[in-house]
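**Q** This is the structure I have questions about; it appears just below.
The values are calculated or read from the model by the stated rules, or taken from the named source; none is laboratory data. Remember, predicted model here, so these are calculated numbers, not experimental data. Cβ coordinates were reconstructed from backbone atoms using ideal geometry, including for glycine residues, and neighbour counts include every protein chain displayed. Heavy atoms of the whole protein, side chains included, go into the accessibility calculation; ligands, DNA and RNA do not. Shrake-Rupley method; radii C 1.70, N 1.55, O 1.52, S 1.80 Å.
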Amino acid sequence: MQIIWSKTLRPGGKWSGIVGRGRLLRFTALEPGANLSMLLYNAWNPCERYNMPDTLKAQHTAFLTMGNVLMSDNGRVMASIVADSLGWHDTISGYTSRQDIDQKYGVTRYQDQRNDWLRSGQENFAVELVRNGLTLRDLVPPVNLFAKVSVDDDGQLIFHENHCPQGGQVTLRTDMDLLLILSNTPNPLDPRSIYPSTSIQLDIFPANPIEPDDICVTHCPENQRAFENTWEYYALRNS
Amino acid sequence: MSLIESPRKVEDAIYDRLLPSGEGWTYELQPGQVLRIIDLEGNQAVDTLFYDADNLEDHYSAVATITGQHNLYLTTGTVLRAESGKALMRIVADTCGRHDTIGGACSAQSNGVRYDRSLEWMHNCRDTFMLQLSRYDDRLQKRDLAPNINFFMNVPVAPDGSLEFADGISAPGRYVELESLAHTLVLISNCPQLNNPCNAYNPTPIRLVIWEN
Ligand SMILES: [Zn+2]
């Protein structure tokens, strides 16, 4: 299939841009132990955004994998997970702050380390939110691709350190026109004391039209209804 | 799961009111003030958001609160954090046992997705939130609505990652008590949900009591 565009996100790297609906976004971990934090907004109306609770409760799950969709706070499917070699992506443990990074990995400054200084999730998001006319008030829980965080019976969080191998891969289909914000920064629960130096490759392809037997549409009746909301939105939008 | 009772007496309170189901409430707490939310009839969901009242752009963060304590459930000792990491509130007493912060607030659209698209007309928490915001301050808009806390709601997550809304673990008269660590705006929607068995399809009033300390 024809690659439209590719990008390598270096450790600490970030990116934002508008990706139209009907694309496949294939993310590949170029080394083990990746974590890519992702925020999603409706490109044309960014007060509609990814909603972690609606996504989880509609699909009766506390994690994301193939067949799951990412829902907006207006009951629409923003993106669908159409392929996944990992089986679990986290959306409950958030992003790192400057304080988290300094505490865990030591204080780094551009003055001393130049571009080897260590980026935080919140600062990366801040830059890309402001670049797109938004601010930190628009922060909501992100999706952390490649990370596995489960809970025990008492609710204690368990970070699974060896979850993502080199070459781990997940593919999302865009079902709406999205403003996508990406930050290749550590999962806040990653216990390693060395800042993960894991690059992530993003390749974008055109997606095939959705078939009636699409695994994300047929995953559960809730997904079917959320897709109907999305299709109705575009039927009204594009006359 | 340990239950911690409060030493405070209602007769010493500076504020005391009933909030029927389906209604909203906003209140600015000063540092040191204590808010008790009482589940009068049991298994009522109290959908609650917090804002830094000195910087309304900094809202409650479910994920910062969860990762800050390395635990999914909220109970006595939990510090409620904003997106900036700022500590807004601390739970100082809890006779229910634990509270949810990943189940979110019901909305017209989520009712449609979860149950049936014909149910979008029904009253819901996000409508209550938005009506309260429209009355409170022009600076607060839809973009300021983030994943909230559901006091008294039971949303257990299993080790295999499955998630269900389960029968409540609350009961008539159980309460949660929160001390404000900052100048904090509280936004409550006392949930009108009629489609979820967790409240036995019967939304009920809550009681809100505030002490100086
Ligand atoms: Zn509700």
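**Q** Would you tally the net charge around B:ALA45, using a Cβ to Cβ cut-off of less than 10 Å, leaving B:ALA45 out, and scoring K and R as +1, D and E as -1? Mind showing how you got there, number by number?
**A** Working: positive: none; negative: B:ASP39, B:ASP47, B:ASP100.
Residues close to B:ALA45 contribute a combined charge of -3.
**Q** Here is a further query. Take the alpha-carbon positions of the range A:157-229, form their convex hull, and give its projected area averaged over all directions (one quarter of the hull surface) in nm².
**A** On the way: hull surface 30.0 nm².
Projected area, direction-averaged: 7.5 nm².
**Q** Using a simple charge model, +1 on the beta-carbon of Lys and Arg, -1 on the beta-carbon of Asp and Glu, nothing else, what dipole does the range A:22-108 show about its Cα centre, in debye to the nearest 20? Display every interim value, and only then the final one.
**A** Numbers: 7 positive and 8 negative charges, 35 e Å.
In debye, rounded to 20, the range A:22-108 gives about 160.
**Q** When only the heavy atoms of the protein chains count and the probe is 1.4 Å, how do B:ARG8, A:ARG237 rank by accessible area, highest first?
**A** Working: B:ARG8 60, A:ARG237 110 Å².
Largest to smallest exposure gives the sequence A:ARG237, B:ARG8.
**Q** While we're here: Non-local amide H neighbours of B:ALA200 (under 5 Å, H modeled in plane, Pro and chain starts lacking H): which ones?
**A** Sorted by chain and number, the residues that satisfy this come to none at all.
**Q** To continue, here is another question. Summarise the partner chain shielding of A:94-107 as one whole number: the mean count of Cβ atoms from other chains within 10 Å of each residue's Cβ.
**A** Values: counts 10, 5, 1, 5, 1, 1, 4, 0, 0, 0, 0, 0, 0, 0.
Per residue, the number of nearby Cβ atoms from other chains is 2 on average.
**Q** Shielding of B:158-166 by partners, i.e. mean partner chain Cβ atoms within 10 Å per residue? Let's see the in-between values first.
**A** Numbers: counts 5, 5, 4, 14, 4, 10, 3, 2, 0.
Other-chain Cβ atoms within 10 Å of each residue's Cβ, averaged: 5.
**Q** Hey, another quick one. How crowded by other chains is A:146-152, given as the mean number of beta carbons from other chains within 10 Å of each beta carbon? Walk me through the numbers on the way to the answer.
**A** Values: counts 0, 0, 1, 4, 6, 11, 5.
Taking the mean over all residues of the peptide, I get 4.
**Q** Can you give the accessible area of B:LEU18, probe radius 1.4 Å, in Å² rounded to 10?
**A** Per-residue accessible area (B:LEU18): approximately 100 Å².
**Q** Next up: With a 1.4 Å probe on protein heavy atoms only, tell me which residues of the range A:17-58 lose at least 10 Å² of accessible surface in the complex relative to the chain by itself.
**A** The answer is A:CYS47, A:ARG49, A:ASN51, A:MET52, A:PRO53, A:ASP54, A:LEU56, A:LYS57, A:ALA58 - residues whose exposure falls by at least 10 Å² when every protein chain is included.
**Q** If the viscosity is 1.567 mPa s and the temperature 4 °C, what Stokes-Einstein diffusion coefficient in µm²/s follows for the protein assembly as shown when Rh is the Kirkwood radius over Cα pairs? Spell out each step's value before the answer.
**A** Working: Rh = 22.3 Å.
Result for D is 58 µm²/s.
**Q** For a quick check: with amide H placed at 1.01 Å from N, whose amide H comes under 5 Å from A:GLY13's, ignoring anything fewer than 5 positions away on the same chain?
**A** Those qualifying (amide H under 5 Å, at least 5 residues apart or on another chain) are A:ASN184.
**Q** Which of the residue pairs A:LYS14/A:LYS57; A:LYS57/B:LYS86; A:LYS7/A:LYS57; B:LYS9/B:LYS86 have a Cα-Cα distance greater than 31 Å in the structure shown?
**A** On the way: A:LYS14/A:LYS57 29 Å; A:LYS57/B:LYS86 28 Å; A:LYS7/A:LYS57 33 Å; B:LYS9/B:LYS86 29 Å.
In this structure, A:LYS7/A:LYS57 exceed 31 Å between Cα atoms.
**Q** Further question: With contacts defined as alpha carbon pairs under 8 Å and 6 or more residues apart, what's the relative contact order of chain A in percent?
**A** On the way: 557 pairs, mean separation 98.8, N = 239.
It comes to 41 percent, rounded to a whole number.
**Q** List, in order, the whole-Hz ³J(HN,Hα) value for each residue of the range B:46-53 obtained from phi through the Karplus relation with A = 6.51, B = -1.76, C = 1.60 and θ = phi - 60°; use x for Gly and Pro.
**A** Per-residue couplings from phi come out as 10, 7, 9, 10, 10, 9, 5, 5 Hz.
**Q** Still on this structure, please answer the following. Buried by at least 50 Å² relative to the chain on its own: which residues of the range B:75-91 qualify, computing accessible area with a 1.4 Å probe on protein heavy atoms?
**A** Relative to the lone chain, where solvent access is computed with a 1.4 Å probe, the range B:75-91 loses at least 50 Å² at B:GLU83.
**Q** If I take all pairs of Cα atoms in the range B:72-213, what percentage of them are more than 28 Å from each other? Let's see the in-between values first.
**A** Working: 2020 of 10011 pairs.
Counting pairs separated by more than 28 Å, the tail of P(r) holds 20 percent.
**Q** Compute accessible area for the range B:122-144 by itself and then with all protein chains, 1.4 Å probe, and report residues whose area falls by 20 Å² or more.
**A** Those are B:ARG126, B:LYS142, B:ARG143, which lose 20 Å² or more relative to the chain on its own.
**Q** Going by the alpha-carbon gyration tensor, a ≥ b ≥ c the square roots of its eigenvalues, is chain A rounded (a/c under 1.5) or, if a/c is not under 1.5, prolate (a/b greater than b/c) versus oblate? Display every interim value, and only then the final one.
**A** Numbers: a/c = 1.67, a/b = 1.47, b/c = 1.14.
Judged from the Cα gyration tensor, chain A comes out prolate (a/c at least 1.5, a/b above b/c).
**Q** Sticking with this one: Under the rule of at least 5 residues apart or a separate chain, name every residue whose amide H is placed under 5 Å from the amide H of B:TYR27.
**A** The answer is B:VAL186.
**Q** What is the log10 of I(q)/I(0) for the range A:51-148, computed with the Debye formula using one identical point scatterer on each Cα and no solvent, at q = 0.15, 0.21 Å⁻¹?
**A** Debye output, listed in q order: -0.74, -1.10.
**Q** OK, next. All other residues with a Cβ under 12 Å from the Cβ of A:SER80 taken together, and with Lys, Arg as +1 and Asp, Glu as -1, what is their net charge? The partial results should precede the final answer.
**A** Numbers: positive: A:ARG21, A:ARG23, A:ARG76, A:ARG173; negative: A:ASP84, A:ASP175, A:ASP214.
Result for the local shell: +1.
**Q** Could you state the number of Å between the C-alpha centres of the range B:163-196 and the range B:81-119?
**A** Cα centres, the range B:81-119 to the range B:163-196: 8 Å.
**Q** Rounded if a/c is under 1.5, else prolate if a/b beats b/c, else oblate: with a ≥ b ≥ c from the C-alpha gyration tensor eigenvalues square-rooted, which is the range B:63-108?
**A** On the way: a/c = 1.72, a/b = 1.08, b/c = 1.58.
Cα axes put the range B:63-108 in the oblate bin.
**Q** At 1.4 Å probe radius, can you tell me the per residue accessible area of chain A in Å²? Could you put the intermediate results ahead of the total?
**A** Working: 9420 Å² over 239 residues.
Ligands and nucleic acids excluded, the result is 39 Å² per residue.
**Q** What is the dipole size for the protein assembly as shown, taken about its Cα centre, with +1 at each Lys and Arg Cβ and -1 at each Asp and Glu Cβ, in debye to the nearest 20?
**A** Details: 38 positive and 55 negative charges, 218 e Å.
The calculated dipole for the protein assembly as shown is roughly 1040 debye.
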